[in-house]
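The values are calculated or read from the model by the stated rules, or taken from the named source; none is laboratory data. Bear in mind that the values here come from a model prediction, so they are computed numbers and not experimental data. No Cβ is skipped: glycine too gets one built from the backbone with ideal geometry, and neighbour counts run over all protein chains shown. Note: areas computed on protein heavy atoms with side chains; ligands, DNA, RNA excluded. Shrake-Rupley method; radii C 1.70, N 1.55, O 1.52, S 1.80 Å.
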Amino acid sequence: MKIFLGSDHGGFELKRELEKFLAEKFPEFEIFDLGCDSAESCDYPQFGRAVAEEVLKNENSRGIVICGSGVGISIAANRVAGARAVLANSVELSNLGRQHNDANILALGGRTKFYDPWQKIVETFLTTDVDPAERHARRRDQLDNF
Ligand code: RB5
């Protein structure tokens, strides 16, 4: 599976740790960092958008985006049609985002508190299947047909 990463400066440090974690835990995955490339101040919208666009171009890929809070970059990603970014600071939200919403992008806040270790949140996002129940599928279809 291809995993596209993006962050602003507020998520840069966590993104570096995330890259190491992914390489160790999921060596079978291909990781692509779409920037930013340093802790220097930059603007999150372009990175959220870049990740969402790549996820949509590459079937069955996933994205992980990180800014200070996770909010701005998740909004940016979700503005790209077809992106379903879940901002998760717990395993519960990561799990529900996958099961109910078929989230294809995980957003994390690099400067915020996590209720569970972020590694578990990421692992849950990458390994949880979508719930095929009709009610969830119907709602997901509605999201794709605004
Ligand atoms: C950057 O200072 C900060 O605003 C950004 O990382 C993010 O938290 C925005 O939502």
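Computed about its Cα centre, the charge dipole of the chain is approximately 400 debye, with only Lys, Arg, Asp and Glu carrying charge at their Cβ. With the charge dipole of the chain set up from +1 on Lys and Arg Cβ and -1 on Asp and Glu Cβ about the Cα centre, the Cα lying farthest toward the positive end among the listed residues P45, L22, N145 is that of N145.
Can you work out the accessible area per residue across the chain, with the rest of the protein chains kept in place, probe 1.4 Å, in square angstrom?
Here the per-residue accessible area is 53 Å².
Take the solvent-accessible surface of the protein heavy atoms, probe 1.4 Å, and return the percent of it on the chain that carbon and sulfur atoms account for.
47 percent
Farthest toward the positive end of the dipole of the chain, out of A77, H136, N95, is the Cα of H136, where the dipole comes from beta carbon charges about the Cα centre.
With a ≥ b ≥ c the root eigenvalues of the C-alpha gyration tensor of the range 1-117, is it rounded (a/c under 1.5), prolate (a/b larger than b/c) or oblate? The shape class here is rounded.
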